[in-house]
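Contents: one structure, followed by commentary.
The values are calculated or read from the model by the stated rules, or taken from the named source; none is laboratory data. Bear in mind the structure is a predicted one, so any value in this text is a computation, not a measurement. Reconstructed Cβ throughout: ideal geometry from the backbone, glycine too, with neighbour counts over all protein chains shown. Just the protein is used for accessible areas: all its heavy atoms, side chains included, with ligands, DNA and RNA removed. Shrake-Rupley method; radii C 1.70, N 1.55, O 1.52, S 1.80 Å.
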Amino acid sequence: MFIILLEFSRNKGQASMFMEGHKQWLESGFEDGIFLMAGSLQSNLGGGILAHDVSLEALHDRVNDDPFVSEGIVNARIIEMTPSRADRRLDFLID
């Protein structure tokens, strides 16, 4: 499982120019079953995504395809996490 942090860079002001492409990129991640949840980082710092069922290498490739990343709107950080305990509703995340 992965936590993806997309933290705004100094180019944050250009986000509106690439928002439609970013939304399409997010939708693709959900349609492919990779993204489980996405949302805003509070205080308008960027966004976060919970991802699973993908290799780290494939996830790096996917994240680099985000227009916000490729255009330098955000700096992406991927954190790999091995879940060991979860609420029953999230049992599918535990190996």
Members of region 38-64 found to be under 11 Å from the mean Cα position of the chain (by Cα) and outside any strand (DSSP E or B), listed by number: H52, L59, H60, R62, V63, N64
Given (1) more than 14 Å from the chain's Cα centre (by Cα); (2) closer than 24 Å to D91 by Cβ; (3) not hydroxyl-bearing (S, T, Y), R10 misses just (2)
By residue number, the members of region 48-71 that are out of contact with any helix residue (DSSP H, G or I) (no Cβ under 8 Å at 6 or more places or on another chain), in contact (Cβ under 8 Å) with a residue 24 or more places away in the chain and either open to solvent by less than 30 Å² (accessible area, probe 1.4 Å) or among the hydroxyl-bearing types (S, T, Y) (or both) are G48, L59
Determine if region 75-93 includes at least one residue that is surrounded by 12 or more Cβ atoms within 10 Å (Cβ to Cβ), in a loop (DSSP other than H, G, I, E, B) and not acidic (D, E). yes
Output for Cβ contacts, cut-off 6 Å, separation at least six or different chains, first residue more than 30 Å from S16 (Cβ to Cβ) in region 72-91, second in a strand (DSSP E or B), reads E80/F2
Just to be sure, is G33 within 11 Å of I4 (Cβ to Cβ) and not charged (D, E, K, R)? no
Scanning region 6-37 for residues that are part of a loop (DSSP other than H, G, I, E, B) and in contact (Cβ under 8 Å) with a residue 24 or more places away in the chain, which turns out most open to solvent (accessible area, probe 1.4 Å)? N11
When the residues of region 30-86 are filtered to those that are basic (K, R) and over 22 Å from R10 (Cα atoms), which remaining residue is modelled with the lowest pLDDT? R85
